[in-house]
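Novice: Before we start, here is the structure in question, set down as structure tokens.
The values are calculated or read from the model by the stated rules, or taken from the named source; none is laboratory data. Fair warning: this is a prediction, and the values are worked out from it, not measured in the lab. Methodologically, a virtual Cβ is constructed for each residue, glycine included, from the backbone with ideal geometry; neighbour enumeration extends over all protein chains shown. Ligands, DNA and RNA are excluded from the accessible area calculation, which covers all protein heavy atoms including side chains. Shrake-Rupley method; radii C 1.70, N 1.55, O 1.52, S 1.80 Å.
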Amino acid sequence: MKDTFDVLRGPDYLKEGWQRIRQPGLRRFVLIPLALNLVVFAALIGWGIQQFDLLMAQLMPQLPDWAAFIEWLLWPLFALVVLLVLFFGFSVVANIIASPFYGFLAEKIAEQERNEVSPPTSYRDILLVVPQSVGRELRKLVYYLPRMGVLLLLTLVPVVNLVASPLLLAFGVWMMAVQYIDYQADNEKVSFIDMLRWMRGRRGISLGFGLPVYVGMLIPLVNLLVMPAAVAGSTLLWVRERRSRTS
């Protein structure tokens with residue numbers, strides 16, 4: 001019962017995150033990466049349109065003529081897998097580019113939540129954290145790529161792919177929570193492993209938060225606004241849930 005309640009609370013954090021990023025003092029941490037990601041998004045969509053048919057041909061199982069009707073049932077599932085691959089490709093590149101800005105956005109949201117005040121952030125401050133931010137993004141890739149690779153390979157195996165595809169989608173939802181909760185965890189010097197351990201203890205609310213982020217990220221252009229909203233919402237989740245367990 002508690003897990004169900006936690007899952008239902010997750011989307012509320014994304015909604016509140018969207019409200020927070022519209023505040024004047026936070027806009028530059030949203031608008032600059034938004035402009036950069038528009039360029040990345042346009043390039044990836046162009047490539048994806050060219051490659052879609054090829055990717056679908058590789059993923060769809062070869063069925064005998066008598067079972068051809070099953071293809072109509074499987075096509076939407078595997079089309080969703082292809083979209084998942086494309087959207088994760090965009091997400092990886094876009095988050096690496098935006099990570100310094102999103103790290104400071106998370107920090108400002110956490111300060112608001114805790115009623116703290118820090119000196120204004122300069123562009124020099126942002127440049128100085130680039131190596132650390134990119135390094136943390138690469139650490140997430142080390143966690144994500146092997147698991148995603150195994151699941152993608154399983155989707156190529158007939159029969160097994162009927163189970164692997166839903167698992168791939170579930171892992172995508174989990175990764176959305178991992179991706180964005182990690183910004184404030186990194187700001188507070190919490191190791192990636194400790195952050196994962198914390199999330200596993202709150203799997204319900206983590207997945208409840210990751211699901212609407214995942215859905216939003218699949219919608220062209222909307223995904224560019226979902227990203228900063230997810231940073232803000234995940235920061236609120238991190239701060240409040242940690243505070244509630246220690247109070």
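Residues are listed down the side, and each one gets a yes or a no for (1) within 24 Å of Met199 (Cβ to Cβ); (2) modelled with pLDDT under 70:
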| position | (1), (2) |
| --- | --- |
| Leu14 | yes, no |
| Ala35 | no, no |
| Gly46 | no, no |
| Phe52 | no, yes |
| Met56 | no, yes |
| Asp65 | no, yes |
| Glu71 | no, yes |
| Phe88 | yes, yes |
| Ala94 | yes, no |
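Novice: I would also like to ask the following. Could you list all residues from region 172-194 that are farther than 15 Å from Lys108 by Cα, part of a helix (DSSP H, G or I), more than 8 Å from the chain's Cα centre (by Cα) and of a type in the set (Val, Ile, Thr)?
Specialist: The answer is Ile193, and nothing else.
Novice: Output the number of residues of region 22-34 satisfying the condition of being open to solvent by less than 10 Å² (accessible area, probe 1.4 Å) and of a type in the set (A, V, I, L, M, F, W, C).
Specialist: Number satisfying all stated conditions: 2.
Novice: May I pose another question? Can you confirm whether Leu237 is open to solvent by less than 10 Å² (accessible area, probe 1.4 Å) and in contact (Cβ under 8 Å) with a residue 12 or more places away in the chain?
Specialist: yes
Novice: For region 161-184, state whether one or more residues are open to solvent by 20 Å² or more (accessible area, probe 1.4 Å) and charged (D, E, K, R).
Specialist: No, because not a single residue in region 161-184 is open to solvent by 20 Å² or more (accessible area, probe 1.4 Å) and charged (D, E, K, R).
Novice: Which of the residues spanning region 13-31 are in contact (Cβ under 8 Å) with a residue 12 or more places away in the chain and of a type in the set (A, V, I, L, M, F, W, C)?
Specialist: Leu14, Trp18, Ile21, Leu26, Phe29, Val30
Novice: Which of the residues that make up region 211-233 are farther than 21 Å from Phe101 by Cβ and assigned to a helix (DSSP H, G or I)?
Specialist: Listed by number, the residues that qualify are Leu211, Pro212, Tyr214, Val215.
Novice: Right, another one. Exactly one of these conditions fails for Met217: (1) of a type in the set (A, V, I, L, M, F, W, C); (2) within 12 Å of the chain's Cα centre (by Cα); (3) over 30 Å from Ala42 (Cβ atoms). Give me its number.
Specialist: Of everything listed in (1) of a type in the set (A, V, I, L, M, F, W, C); (2) within 12 Å of the chain's Cα centre (by Cα); (3) over 30 Å from Ala42 (Cβ atoms), Met217 misses just condition (3).
Novice: In addition: Determine, yes or no, whether Leu167 is assigned to a helix (DSSP H, G or I) and modelled with pLDDT under 95.
Specialist: yes
Novice: When region 194-210 is examined, which residues are found to be farther than 19 Å from Gly103 by Cβ, open to solvent by 20 Å² or more (accessible area, probe 1.4 Å) and not charged (D, E, K, R)?
Specialist: Selection gives Gly201, Leu207.
Novice: Could you list all residues from region 1-12 that are over 11 Å from Leu211 (Cβ atoms) and either modelled with pLDDT of 85 or more or open to solvent by 30 Å² or more (accessible area, probe 1.4 Å) (or both)?
Specialist: Correct list: Met1, Lys2, Asp3, Thr4, Phe5, Arg9, Asp12.
Novice: Looking at (1) over 23 Å from Leu237 (Cβ atoms); (2) hydrophobic (A, V, I, L, M, F, W, C); (3) within 17 Å of the chain's Cα centre (by Cα); (4) crowded, with 17+ Cβ neighbours inside 10 Å, can you tell me which one Val134 breaks?
Specialist: It is condition (4) that Val134 fails.
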